[in-house]
Structure formats: structure tokens, C-alpha cells
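Novice: Provided herewith is a single structure, encoded as C-alpha cells, for subsequent inquiry.
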Amino acid sequence: MSSPVNNASFRLENLFGMKGKVALITGGGSGIGLMATQSLAVNGAKVYITGRTKEKLDRVVDLYGKDISGEIIAIPADVTSKESIQKLVDEISAKESELDILINNAGISSAKQNTDHEDSKELQQELFHNTSTVSDWEDVMRTNVMQLFFVTTAFLPLLSKSTEDTSGWSSTVINISSISGIIKESQHHFVYNASKAAAIHLTKMLAHEIASSGVKIRVNNIAPGVFPSEMTAKESGDKQKSSLEKEKFEGKVPAGRPGKDEDMAGAVLFTASNQYLNGQTVVVDGGYVLATGSV
Ligand SMILES: NC(=O)c1ccc[n+]([C@@H]2O[C@H](COP(=O)([O-])OP(=O)(O)OC[C@H]3O[C@@H](n4cnc5c(N)ncnc54)[C@H](OP(=O)(O)O)[C@@H]3O)[C@@H](O)[C@H]2O)c1
């Protein structure tokens, strides 16, 4: 007798289902982190969100944690401190025996520079004297790069346990990098773009070293184009959501608009669930990189 056809494994819930999964999302209280939180929690995952501002996290739990098949739980933490990361590990370990999905999303932007000078002295004045400080470089690298390494390595045992205990599933780390780490323009912020390039390379190194150690955890990164967030819109409203004017993107990005919640949600579900994806950059940018032609 021949074996039955495998149509059932092609159902959406079997390809992308998040029921019963446990996730941690840093910076889950706004912007892209909140989009990722909703995409996992609405589809059944228990999602721990962290950030430095407790009120923001509590508002997300209150607004988005009701009447969904999953759950959202707030744990305030500063991911640039090793002590704070260890406390986070301790708190989650006390409640969970494993972690299925870690999304390192927390990030900050940097000071802006005007690169439109044609004279070397003017360029020096702007880039060396006026707009760049060592502390800005340190802050951005600490938040956008260093924490990816420390948060990921701190959670290795809990992540590994998830793979060991779940047949057909390997746990996953998703770093939120940026197209700013891919294109050659500084976009008027050298340190931010350098930090995102570092985040992409750190993803590859972690994926490689973890796999070489025989530990089964997939490490990928999502490189977003422009999405509405507190970083890009400078604020969020009473629903913790931000908005950007579509008109500013017409003619600049092939999609002709900024990214939407749903664009990010689909990318997060795909990256979290696809068991054959490891060490990769998933670019979700409405064609931004394509348009700049500058890879
Ligand atoms: N929006 C875009 O267009 C875009 C494009 C490409 C990449 N990204 C990346 O996407 C990620 C999310 O940014 P976003 O645009 O969504 O901006 P956002 O709304 O400002 O979100 C960043 C979140 O990170 C948290 N955070 C910052 N520093 C932290 C720290 N030390 N410890 C814990 N949490 C911290 C912030 O909360 P607290 O301030 O309360 O801590 C905030 O909720 C960032 O890595 C960013 O670089 C964004």
C-alpha cells in the first residue's frame, strides 16, 4: 500500500503556526518590535517583550494582549547591560523550560551628518569636529551590535532546549538589522549604518559558530527598509503605533510607500518558522536596495 499524500503539511498552520511557542522580543513596545510581537502572539505564541520603559510595555500588553490565541508579557530590561540581561535570563528561566524564538530588535539611531561638502576642510569640520562624538559611536555600537551578541549567547541553553524537545523544530534567533547595513550610502549617519553592517556580519558569525559547535539554533537577520516607528517618525500615538507620510516615498522606493505592519509580520513568521533558513539576511524593503543600486 502506498503512503498517504502529504497535503496536511502544506496547511498554513503547519507551515507558519506559532501555537505554543515561547518568544522573547527586545524593544517589543513600539515600531518593528511591536509588529513582530503581534505577528507571533496573535498566531498563538507566548511573547515576552522587553524594553527600558515599563509604561510602554504595559500599554502594549493592555492594548494588544487581549482576545488573541497567544499571550504578551512585559519584562522591563536594558539590554545594553550584562547584569540586566542575566536578570532577564533568570526571570524567563524561572517561568519557562525553553525559549523557541529570540528576536533581537532593540536599537537606536545616531546623530546626523551633512555629507554634501565638496571641500576637504569643510568635510573634516562637519564629520570630525561638528557632528561625531566618541560617545555617540559607543552608544550606538553598544545598543545595535554588542547586545545582539550578549543577549544571544546568554540564552543559548534555553534556545537549545527548545530544539532538543521539539521534533521537526529548531529554535531561532532573529536579529533586526537594516538595509542601512547593506547599501554604501551613509544616509547621513555613518555609525548607525556601520552598526547595522556589523549586525549582519555578527548574524553570520553566530550562525556559523553555533552550527560548528553542533548546537541546533538557527540565526538569521531581517533587514527592513523604512517602517513607521518611534525611530523614524519620532513619536507614537495612543495605540503605540507610528505613521509616516506615503508621499515622501513615491518615486524613491519601487513600492512607493513605507513598510506596513503586515509586511513585517509576514517576514517574521517566515523567518521564525522556516526550518531550512540559517545564517541569512531577509531583506524587506519595498525595493529600497534595488532602487539605490548600491549593494
Ligand atoms: N523603522 C525602520 O524604518 C527601521 C528600518 C531598519 C531597521 N530598523 C531597526 O528596527 C529595530 C527597531 O526599531 P524601530 O524602528 O521599531 O524603532 P523604535 O520604535 O524606537 O523601537 C526601538 C525599541 O527598542 C527599545 N530599546 C532601545 N534601547 C534599548 C535598550 N538599551 N534596552 C532595551 N530596549 C531598548 C526601545 O524602547 P525603550 O526606549 O523604552 O527602551 C524601543 O521600543 C532597530 O534595531 C532599528 O535599527 C528600523
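The values are calculated or read from the model by the stated rules, or taken from the named source; none is laboratory data. Everything numeric here is computed off the predicted structure, so don't read it as measured data. Methodologically, a virtual Cβ is constructed for each residue, glycine included, from the backbone with ideal geometry; neighbour enumeration extends over all protein chains shown.
Novice: On the given criteria, is VAL226 within 25 Å of GLU138 (Cα to Cα), among the aliphatic types (A, V, I, L, M) and in contact (Cβ under 8 Å) with a residue 40 or more places away in the chain?
Specialist: yes
Novice: Restricting attention to region 191-235, which residues are closer than 25 Å to ARG257 by Cβ and of a type in the set (Val, Ile, Thr)?
Specialist: The answer is ILE200, ILE222, VAL226, THR232.
Novice: Confirm whether VAL289 is of a type in the set (Val, Ile, Thr) and either in a loop (DSSP other than H, G, I, E, B) or under 20 Å from VAL173 (Cα atoms) (or both). Steps first, answer last, please.
Specialist: On the way: of a type in the set (Val, Ile, Thr): yes; either in a loop (DSSP other than H, G, I, E, B) or under 20 Å from VAL173 (Cα atoms) (or both): no.
For VAL289, the condition - of a type in the set (Val, Ile, Thr) and either in a loop (DSSP other than H, G, I, E, B) or under 20 Å from VAL173 (Cα atoms) (or both) - is not met.
Novice: In the set ALA106, ALA77, ALA94, which member is of a type in the set (Gly, Ala, Ser), more than 16 Å from the ligand (Cβ to nearest atom) and either surrounded by 19 or more Cβ atoms within 10 Å (Cβ to Cβ) or assigned to a helix (DSSP H, G or I) (or both)?
Specialist: Only one candidate qualifies: ALA94.
Novice: Let me ask something additional. Residues to consider are GLY33, GLY20, GLY29; find the one that is part of a loop (DSSP other than H, G, I, E, B) and within 16 Å of the ligand (Cβ to nearest atom).
Specialist: GLY29
Novice: Check off (1) in a helix (DSSP H, G or I); (2) surrounded by fewer than 17 Cβ atoms within 10 Å (Cβ to Cβ) for LEU148 and give me the number that stays unchecked.
Specialist: LEU148 satisfies all of (1) in a helix (DSSP H, G or I); (2) surrounded by fewer than 17 Cβ atoms within 10 Å (Cβ to Cβ) except (2).
Novice: Show the residue pairs meeting these rules: Cβ distance below 8 Å; 6+ apart or different chains; first residue within region 7-25 and without any contact (Cβ under 8 Å) to a residue 12 or more places away in the chain; second residue surrounded by 10 or more Cβ atoms within 10 Å (Cβ to Cβ) and not in a loop (DSSP other than H, G, I, E, B).
Specialist: From region 7-25, the pairs are ALA8/ASN14; SER9/LEU15.
Novice: How many of the residues making up region 203-253 are within 13 Å of the ligand (Cβ to nearest atom) and assigned to a helix (DSSP H, G or I)?
Specialist: Count: 7.
Novice: In region 7-17, what residues are at pLDDT 95 or above and either part of a loop (DSSP other than H, G, I, E, B) or within 14 Å of the ligand (Cβ to nearest atom) (or both)?
Specialist: Correct list: ARG11 only.
Novice: Looking only at region 165-187, count how many residues are touching a residue at least 12 places away in the same chain (Cβ under 8 Å), more than 16 Å from the ligand (Cβ to nearest atom), out of contact with any Lys or Arg (no Cβ under 7 Å at 6 or more places or on another chain) and not β-branched (Val, Ile, Thr). Break it down into steps so the answer makes sense when it comes.
Specialist: Let us first name the residues in region 165-187 that are touching a residue at least 12 places away in the same chain (Cβ under 8 Å), namely 165-166, 168-186.
From what's left, more than 16 Å from the ligand (Cβ to nearest atom): 165-166, 168-172, 184.
Imposing the further condition that a residue be out of contact with any Lys or Arg (no Cβ under 7 Å at 6 or more places or on another chain) reduces the set to 165-166, 168-169, 171, 184.
Of the ones still in play, those that are also not β-branched (Val, Ile, Thr) are 165, 168-169, 171, 184.
Matching residues across region 165-187 total 5.
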